[in-house]
Amino acid sequence: MYQNLLFDLDGTLTDSAEGITKCVQYALAKMGIDEPNLHKLEVFIGPPLRASYIKYFGLTPEQAEEGIAHYRERYTTTGIWENKVYPGMLELLAALKQDGRRLGMATAKPEVFALRIAERFGFNDYLEDVTGCTLDGKTDNKALVVAAALEKWQLRTPEQKASAALIGDRREDVLAAHANGIACIGVGFGFAAPGELQEAGADHYAATMDDLRNLLLPKQRI
């Protein structure tokens, strides 16, 4: 199984639905858009915010920037902590590290926020690196994030990349992994729509945390 493992953050390491959806709701309200259904806003979990504002609410790029500014007003102090680690994830990371795997995070979230979350929720005990986007949106592309994470580990050739996989919960993770020549393990406990990961071409699928552990550590059991 894969020696070098990159984990997505939202919907993979943590259930961040409450914080993200409430911050999007707050931002939309600031712009005169009322959306009472937080479940509807779960589509914002995973992909870059700028693209989601444009795709789901028809905002212009300029309006999307305004939406991000309002989002961060609430997220930086409140929404970032409306978040929880998936049960069993820290135990899985500990077991993988003990097994000698190299672990990192690759997220479309701004790196400055991802670093704070990694420290607060105990991921720093297991992750070698945290790689995310920049606040200015210049790297708002998951493929660029994965490329940067692989470069940190100097995984450049096809042979080296064959040892790596990205673990994520959305189609963007699958596309980003494949754009960089590595495998993607899709997880079913995140925020993908039914069939989303399979249709995107995920190389492996783990419906539950137990399935993920059995896939990554087949000789061990929880």
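Where a number appears in this text, it was derived from the coordinates with a stated rule and is not lab data. These figures come from a predicted structure and were not determined experimentally. Cβ placement follows ideal geometry from the backbone for every residue including glycine, while neighbour counts extend to all protein chains displayed.
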Ratio of Rg to Rh over region 17-81 (Cα coordinates, Kirkwood Rh, two decimals)
0.91
Could I get the Rg over Rh figure for the chain? Both from C-alpha atoms, Rh via Kirkwood, rounded to two places.
0.96
First select every other residue whose beta carbon is under 15 angstrom from the beta carbon of residue 37; then total the charges, Lys and Arg +1, Asp and Glu -1.
-2
On Cα atoms only, tilt of 111-120 relative to the major axis of the chain in degrees:
70
Could you state the principal axis extents of the C-alpha atoms in region 87-168, from the largest down, to the nearest angstrom?
35, 35, 18
Where in region 180-222 does the label zone of residue 98 land, with the point 7 angstrom along Cα→C-beta and an amide N cut-off under 17 Å?
210, 213-222
Give, to the nearest whole percent, the P(r) tail of region 131-222 beyond 19 angstrom, counting all Cα pairs.
45
Stretched fully, the stretch from residue 90 through residue 65 gains (0.36 nm per residue minus C-alpha distance, one decimal, in nm) 5.5 nm
I'd like the orientation of helix 89-98 relative to the chain: the angle between its Cα long axis and the longest Cα principal axis, in ° from 0 to 90, rounded to 10.
30
Could you tell me what fraction of 2.2 N^0.38 Å the Cα radius of gyration of region 78-134 comes to, as a two-decimal ratio?
1.13
Determine the calculated [θ] at 222 nm for the chain from helices alone, applying -39500 (n - 2.57) to every DSSP H run no shorter than 4 residues and normalising by the residue count; nearest 500 deg cm²/dmol.
-12500 deg cm²/dmol
Rounded to the nearest 10, the angle in degrees between the Cα long axis of helix 142-152 and the longest principal axis of the Cα atoms of the chain comes to 40
